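Report on the structure given below.
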Amino acid sequence: MKGFRYGLVILFFLAACGLSAFFCLRFLNDYQDKGELQLKGLKDKVTLQRDENGMAYVHAENTGDVLMAQGFATAQDRLFQMQLTRLVIQGRVCEFAGPAAENLDIRMRTIGLYRIAEKQANILDDKTRAFFQKYVDGINAFIDTCPNDIPLEFKLAGIKAEKWTVTDSLGVLYYMGYSTAANLGTEITAQMLLETLGYENASRLMPVNINADDPEDTGTFMMPPKENLMASLTAIRETDAYAHDGALRIGSNNWAISPALSATGKAVLCGDPHLDPRILPGVWYPIGLITPDFRAVGVNIAGIPGMSIGRTDHIALSATNNYGDMQDLYIETPDPENQDNYLEKETSIPFVMIKETMKIKDKNAPGGYREEPVTIRATRRGPVVSGILDGFTTEKIISMRFAPVESMEPAIGLMDVLTAKNSQELATALKQVPMGCFNWVFADAKGNIGFQASGKIPIRANGDGTFPFLVKDSTDNWTGWIPADRMPSAMNPEKNWLATCNQKTTGHDYPYYYSSYFAPSYRYRRISELMTAPGKKSIDDLWSYQRDIKNLMAERIAPIMAESLLKYDDTRTLGNILSSWDFTDDPKKPAPAVFQTVYRFFAMMVVEDDLGPEKALTLLNNWYFWQEKLEQMVISKNDPWFDDIRTKDKTETLEDLFHLAALKAKGFLNPVLGPDPEKWQWGKVHTLELVNPILRKGLGKELLGSGPMPIGGSGETLYRGWYDYDKPFQVTHCAALRMVADFSDNGKILAVMPGGVTGRTFHPHMKDQVDAFMSGEKKYWWFSDKAIDEHEKSKMTLMP
C-alpha cells in the first residue's frame with residue numbers, strides 16, 4: 001500500500017537524521033493537551049487531565065459533557081484506529097488496501113453489521129440515543145476544532161478523517177457481538193466431519209464440554225437425528241472465512257473474591273480479557289470519567305461510549321466470552337425455476353436483494369478508484385453466505401442467522417454501568433446487552449460478588465445448533481429466547497470467590513441448548529486450585545495469578561507422553577525432559593517446547609489419515625472443538641482413532657503416535673533451537689510481536705513495533721499465550737489488559753496494557769507499557785482526585 005511506502009520513507013529519514021528526526025515526527029503527530037479550547041455543545045467547563053501514561057481523566061458537571069469529552073479524548077488518541085475499525089465493519093477496506101481486501105469487504109457487507117447498526121439506531125429510546133450522541137459529538141468536535149491535530153496516519157494511509165455517527169458506534173458494538181458469537185466455526189467443522197466420516201464416525205469426534213463444577217456433567221454430545229442433517233453440502237466450504245472475520249474475538253479470565261477471602265478485608269475484582277493485541281496501541285482505550293453523579297475509571301473499545309471494564313465508586317466489573325450460540329447456518333434450496341427465489345417446501349419466496357457499490361483503490365482507474373456493484377441475497381433467516389465470492393450455483397445454498405438482528409431493544413444496558421449503585425443493579429443492567437455473549441464478573445463496595453451472563457440466546461425447537469439446519473418448510477426452528485432470569489448467573493457463593501474462563505457454566509440439568517462451543521476447563525480448574533489453597537488472597541497474589549503458567553492439560557497428558565518417549569533411544573532425551581517437568585510453561589524451559597510441539601504433531605496424526613491434511617487442519621485450528629475430546633482419548637490410552645487406516649498391515653497405538661510425533665518435533669525444533677533439547681527454550685519459539693498499523697511487515701517493522709518477544713504460558717494457562725494451530729508458535733491472543741480493582745484502595749487500580757494509550761506513531765505513549773506488561777511490573781490507573789492531581793502531567797480546559 002502507498003501508506004506502507006510512506007512508512008519506509010519515514011524510516012530512512014529517521015536513519016539519516018537520528019533522534020532529532022524522531023522528536024520532530026513526534027511533534028508532527030501530537031495533539032493539544034494543555035491550555036483552553038472551546039467546544040460547541042458543552043454545557044459547562046470540563047477539565048481533561050493526563051497522567052504519566054498519557055491516560056485522560058475527565059471532570060465534568062454532567063453526564064452529557066463527560067461523554068462528549070470522552071469522545072473528544074478518544075478521537076485525540078484513537079481516531080485512526082476507529083476509522084480502520086469502521087472501514088472493516090462497513091466493508092470499505094478496499095478504499096485504502098485495494099483489491100487485496102475485496103473478499104473481506106464482500107463478506108462484511110454480506111454479514112451486514114452496518115445495516116444491523118442502522119436498524120438499532122432507528123429504534124433507540126431517547127435516553128440511549130442521547131448517551132451515544134454526546135459521545136459522537138465529542139469525536140466530531142475534535143475533527144472540526146482541531147484539524148491540525150488529525151493523526152499523521154491518515155495521510156500515510158491516503159484516507160481522510162470522516163465524521164462519526166451514532167450508527168458507527170453501534171456498528172463497533174455489534175462487531176464485538178458478532179466476534180463473540182463463536183459457534184459458526186463449530187457448525188462448519190461439524191458439517192465437514194459429517195460429510196467426510198459419516199454419521200457414526202463423526203459422532204465419535206464431536207466436542208466434549210465439561211462443567212468443572214458439576215460432577216454429574218459428562219460433557220457427552222448428543223448427535224441430532226440423522227434425518228435432520230444433510231450428509232453432503234458442497235457450499236459449506238465457502239463459509240469458513242466467515243468464522244474468522246471477528247477481529248474482536250474475546251477469550252479471557254475474570255474472578256472476584258469476597259471480603260472473607262480477601263487479605264484487604266474488601267471485595268476485589270480481577271480481569272484480563274484476551275484479545276488479539278498485536279496491532280499497536282492495543283484494543284482497549286482507558287479513561288477516567290468523573291461527574292457529581294459518578295466516578296468511573298476503566299476501558300472500552302474505542303468508538304463505544306461509557307465503560308465496559310473497570311470500577312466506579314460502587315461497582316467493579318470485567319468480562320469474558322460465554323460463547324452462547326447466537327448464530328445458525330441454514331441449508332436453503334434455490335427455486336430451480338426462478339433464480340431470484342428460494343423454496344420453503346413447495347412455496348417459492350423471492351430473495352431480498354440488497355444492492356451496494358464497493359469503491360476499490362486502483363491507480364489505473366480515473367481518480368484512483370474503481371467501483372464494483374455487489375448484490376447480496378437474503379432469505380427470511382438472513383443473508384446468503386455461500387456462492388457470493390465466485391458466483392457459482394449449487395443445489396443448496398447457505399444462509400446465516402444472527403440473533404441480535406431479532407433481539408435488539410430500544411435500551412442498551414451498558415450505559416447503566418456508570419450509575420449502578422450495587423451488584424443487583426449492575427446485574428439487571430447487564431441482562432440488557434442482547435448483542436454480546438459475555439460472562440460479567442463483578443464486585444461492589446458493600447462486599448457482594450457475582451456473575452451474570454449477557455446475550456439473548458434463541459431456543460431451538462430441535463434442541464441443538466451444532467450443525468447447519470436443513471430448511472424443509474416454513475416452520476421456524478427458533479421458538480423463543482432463553483429468559484433473562486434463566487441465563488447463567490451467581491451471587492455471593494459460599495466459597496467466597498467466583499471466576500469464569502470461557503468454560504462451560506451450565507449444568508447437566510440446564511433445560512435449554514446454550515452452546516456446544518466452550519473453552520476447555522484447564523484455566524478455570526487452575527484458578528480453582530489457587531483460590532482453594534489455604535490463606536487469604538493478597539493483591540500481590542491476585543496480580544501474580546494473572547501471570548500463572550501452570551498447565552493442567554500438560555499435567556494430565558505429559559506423563560503419558562513421557563512414558564512412551566522413554567521407551568525409544570531416539571526420543572529418550574525428550575522423555576526425560578518431560579519426566580522432570582513441573583508443568584509450568586516457563587519461557588526459559590525446554591519442556592513446554594517439547595510438549596507443545598509433540599502434542600501438536602500427535603493431534604494431526606490422530607485425524608489426518610481419516611480426514612486428509614486440509615480438513616484435518618480445519619478441525620485442529622478450531623482448538624476448543626477437539627481439546628477435551630483428545631485428552632479423553634489419551635487418558636484412555638486405547639482408542640480406535642490412534643490407528644492409521646493407511647497402514648493395512650499394522651494397528652498403531654498411542655505409544656506409536658507419540659514416538660512418531662516426537663521425531664517430527666525434533667525435526668521441527670532442531671533447526672530453530674539447536675540439536676541439544678536440554679538447551680531448548682520455549683520463549684525462543686513462543687513469541688508475541690506487536691506491530692504498528694502503518695508498517696506491519698518488512699523493513700522497519702521492529703523499530704515502530706516491538707519485535708518478537710519471548711513469552712511464557714500457552715493457550716491452556718491463566719497467563720494466556722494462544723497461537724493458531726497452523727502457525728506455531730506465534731501468539732495471536734493474550735491479555736489485552738490486566739486489571740485488579742480493590743475496594744479497600746480508593747486511590748488507584750492496578751492495570752497494564754500490552755501497548756499504550758495513544759494510536760499515534762512516534763508518540764511516547766503508543767507502546768510505553770510494553771515492558772511493564774511483559775515483565776509483570778505494576779502500573780496504575782488513578783482513581784481519587786488526589787491521586788489524579790498528584791500524577792497530572794498535562795491539563796486542558798474545554799469550554800462551552
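Site pair LYS650 and LYS778 shows an inter-label distance of 5.7 nm when each label is modelled 7 Å from Cα along Cα→Cβ. Here the stretch 611-735 has an Rg and Dmax of 17.9, 56 Å, counting Cα atoms alone. When Lys and Arg each count +1 and Asp and Glu each count -1, what net charge do the other residues less than 11 Å away from ALA117, Cβ to Cβ, add up to? Neighbour charge sum, excluding ALA117 itself: +1.
If you take all other residues with their beta carbon under 14 Å from the beta carbon of ASP464, and give Lys and Arg +1 and Asp and Glu -1, the sum is -2. Here is the list for the stretch 293-396: GluC sites (Glu not before Pro) lying in DSSP coil, each with at most 16 other C-beta atoms within 10 angstrom of its C-beta, are GLU337, GLU346, GLU395.
As a test of understanding, state the convex hull volume per residue of the stretch 415-488 from its alpha carbons, in Å³.
In the stretch 415-488, the Cα hull volume divided by residue count equals 98 Å³.
Could you tell me what fraction of 2.2 N^0.38 Å the Cα radius of gyration of the stretch 353-446 comes to, as a two-decimal ratio? Before the final figure, lay out each step's value.
Details: Rg = 21.7 Å, N = 94, 2.2 N^0.38 = 12.4 Å.
That ratio works out to 1.76.
Of the residues THR189, THR687, THR428, the one with the largest accessible area comes first in the ranking THR428, THR687, THR189, computed with a 1.4 Å probe on protein heavy atoms. Which lysines have a Cα less than 27 Å from the Cα of LYS472, not counting those fewer than 8 places away in the same chain? Partners found: LYS226, LYS345, LYS396, LYS456. In this structure, the residue pairs whose Cα-Cα separation is over 25 Å, taken from LYS163/LYS767; LYS134/LYS160; LYS684/LYS727, are LYS163/LYS767. Quick one: Debye curve from the alpha-carbon atoms of the stretch 418-539 only, equal weights, vacuum; give me log10 I(q)/I(0) at q = 0.21 Å⁻¹ to two decimals. Log-scaled intensity ratios, in q order: -1.31.
Mean projected area of the Cα convex hull of the stretch 621-681, taken over all directions, amounts to 6.0 nm².
Modelled label positions at GLU529 and LYS160, each set 7 Å beyond Cα in the direction of Cβ, lie 5.8 nm from each other. Debye-formula intensities of the stretch 160-205, expressed as log10 I(q)/I(0) at q = 0.15, 0.19, 0.20 Å⁻¹, are -0.57, -0.68, -0.71 (one equal scatterer per alpha-carbon, no solvent). Simple spin-label estimate for ILE635 and TYR510 gives 2.0 nm between the two label positions (7 Å along the Cα-to-Cβ direction from each Cα). Bridging of LYS43 to aspartates and glutamates at a Cα separation below 20 Å is possible for GLU61, ASP65, ASP126, ASP137, ASP144, ASP293, once same-chain residues fewer than 8 apart are set aside. A full extension of the chain between SER348 and ARG556 corresponds to an added length of 69.4 nm, given 0.36 nm per residue minus the alpha carbon distance. Between the residues TYR780, PRO671, GLY219, the greatest Cα displacement towards the positive end of the dipole of the chain, with unit charges on the Cβ of Lys, Arg, Asp and Glu, is found for TYR780. I want to verify the translational diffusion coefficient of the stretch 397-441 in µm²/s; compute it with Stokes-Einstein, Rh as the Kirkwood radius over Cα pairs, at 10 °C and 1.306 mPa s. Stokes-Einstein gives a translational diffusion coefficient of 133 µm²/s. I want to verify the translational diffusion coefficient of the chain in µm²/s; compute it with Stokes-Einstein, Rh as the Kirkwood radius over Cα pairs, at 25 °C and 0.890 mPa s. Using the Kirkwood radius from Cα pairs, D works out to 89 µm²/s. Across all directions, the average flat footprint of the convex hull enclosing the Cα atoms of the stretch 93-153 is 5.9 nm². With point charges of +1 on the Cβ of Lys and Arg and -1 on the Cβ of Asp and Glu, referenced to the Cα centre of the stretch 91-199, which listed residue (TYR114, LEU173, THR128) lies farthest in the positive direction of the dipole? Result: THR128, furthest along the dipole toward the positive end.
About its Cα centre, the chain has a charge dipole of approximately 1860 debye under the convention of +1 per Lys or Arg Cβ and -1 per Asp or Glu Cβ, with nothing else charged. Per residue, the accessible area of the stretch 542-687 comes to 41 Å² when a 1.4 Å probe rolls over the protein heavy atoms. Under the classification rounded if a/c is under 1.5, otherwise prolate if a/b is larger than b/c and oblate if not, where does the stretch 677-722 fall, given a ≥ b ≥ c as square roots of the Cα gyration tensor eigenvalues? Judged from the Cα gyration tensor, the stretch 677-722 comes out oblate (a/c at least 1.5, b/c at or above a/b). The residues of the stretch 266-377 expose on average 35 square angstrom of accessible surface per residue, using a 1.4 Å probe on protein heavy atoms. If you wrap the tightest convex hull around every Cα atom of the stretch 678-800 and split its volume per residue, you get 181 Å³. Note that the stretch 326-384 carries a Kirkwood radius of 13.7 Å, evaluated over its alpha carbons pair by pair. For the stretch 740-779, the orientation-averaged shadow of the C-alpha convex hull comes to 3.2 nm² (one quarter of the hull surface). From the alpha carbon centroid of the stretch 403-435 to that of the stretch 740-756 is 24 Å. Just to be sure I understand the curve: with the Debye formula and one point per C-alpha of the stretch 108-189, what is log10 I(q)/I(0) at q = 0.21 Å⁻¹? After summing over all Cα pairs, the log10 values are -1.03. When the accessible area of the chain is split by element with a 1.4 Å probe, what percent falls to carbon and sulfur? Roughly 51 percent of what the probe reaches on the chain is carbon or sulfur. What is the Rg over Rh value, at two decimals, for the stretch 535-645, using alpha-carbon atoms and the Kirkwood definition of Rh? Checking Rg against Rh, the ratio lands at 1.04. Expressed in Å, the radius of gyration and Dmax of the Cα atoms of the stretch 463-510 are 16.2, 51. Computed from the C-alpha gyration tensor, the three semi-axes of the ellipsoid equivalent to the stretch 88-239 are 43, 22, 14 Å, from longest to shortest.
The values are calculated or read from the model by the stated rules, or taken from the named source; none is laboratory data. In this text the structure is predicted, and so the values were computed from the model without any measurement. Because the Cβ atoms are built from the backbone with ideal geometry, glycine has one as well, and the counts that use them run over all protein chains shown. We work out accessible area using only protein heavy atoms, side chains counted, and drop any ligands, DNA or RNA first. Shrake-Rupley method; radii C 1.70, N 1.55, O 1.52, S 1.80 Å.
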